[in-house]
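The values are calculated or read from the model by the stated rules, or taken from the named source; none is laboratory data. What you see is a predicted model; the values in this text were computed from it and never measured. Cβ sites come from the backbone with ideal geometry, for glycine too, and all protein chains shown count toward neighbours.
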Amino acid sequence: MKIADLIRDLKLSPEGKAQLEKVLALPEVKGVDEREQARDIEKRRELIAKLGAIPGSHKAAIAIAGKNCAAAVAHVDSVSRELIAARLKYAAMAAAALAIETSSTTQCLEIERELRDGADSRLADFRFAFDQLADNVRNKIAVSGYRSQRNIFGQRETILVTNVAEVTSTRESIADAIADLDAMALAALTRDQVSKRLIDWCEKLSVPLAGFNLAPPILSVTGELVWDHKNPTTAARDAAILLQEEAFARDGSQGVADA
């Protein structure tokens, strides 16, 4: 604390102040006060010098930072323009790709439609028959149960038996046949080649369908579909084949007699 401040804070009587002033007037005391003031002045000069040096010492850094900020802003602007250009380019490329894909799809559909329109008409008939058979098989799901033998505890259990596995397997076979019909509709096949594949599928489906008292369509001796969708049973199919064979035989005999 400075001497002057110390004196000001003391509550002295007039006589005490007079004595203290005599003490302060001594050369030794004045020397202490002067040294204290000199230290304060030196410290203040140092602070003033630091204060004055701050703008100068930071000026270069501020200039560099400002330059870097300007460069960063310019870079952001450049990247933003590049990003916008890239997005526009991507949009144009995506639109071009979509146009090509649409055109390709349209051309494929037109060609496929022309192929199907000119395909063997029996394929559509067999497709209808196979779809109908798939529905018929699905309606043949059955669940039955029986009482088991008594176990060691003297209890009986009800065992449930279903034909779900057979139904699923048969419907999968029919689906394979339908897929082949679609493939034949888009292929270049002669009537005989189509007939052979249709006969093969009828033979493959005969066994699983027989388990449900159903029969696949079959080709007659004239190569036409024989099948009654209202009564697709094995007996009905066999009866229809017999009638067609008899009619074919009569027509052949009549033709020979006329000749």
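Brief remarks on what is shown
- Residue within region 153-166 that is out of contact with any Asp or Glu (no Cβ under 7 Å at 6 or more places or on another chain), closer than 30 Å to residue 195 by Cβ and not basic (Lys, Arg) present: yes
Quick grid of which residues meet (1) at pLDDT below 90; (2) of a type in the set (A, V, I, L, M):
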{"position": "99", "(1), (2)": "yes, yes"}
{"position": "113", "(1), (2)": "no, no"}
{"position": "129", "(1), (2)": "no, yes"}
{"position": "136", "(1), (2)": "no, no"}
{"position": "139", "(1), (2)": "no, no"}
{"position": "146", "(1), (2)": "yes, no"}
{"position": "156", "(1), (2)": "yes, no"}
{"position": "162", "(1), (2)": "yes, no"}
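- If the condition is being in contact (Cβ under 8 Å) with a residue 24 or more places away in the chain and not charged (D, E, K, R), then region 80-117 contributes only 115.
- Checking region 105-122 against the condition returns a match, with at least one residue being closer than 19 Å to residue 219 by Cα and either in a helix (DSSP H, G or I) or of a type in the set (S, T, N, Q) (or both).
- Only one of 111, 141, 100 that is within 30 Å of residue 187 (Cα to Cα) and either in contact with a Leu (Cβ under 8 Å, 6 or more places away or on another chain) or surrounded by 11 or more Cβ atoms within 10 Å (Cβ to Cβ) (or both): 111
- Out of 177, 129, 134, 91, sole residue that is loosely packed, with under 14 Cβ neighbours inside 10 Å, in a helix (DSSP H, G or I), out of contact with any Leu (no Cβ under 6 Å at 6 or more places or on another chain) and of a type in the set (Gly, Ala, Ser): 91
- Of the residues making up region 188-234, those that are assigned to a helix (DSSP H, G or I), of a type in the set (Val, Ile, Thr) and either at pLDDT below 90 or exposed (fewer than 15 other Cβ atoms within 10 Å of the Cβ) (or both) are 199, 207, 234.
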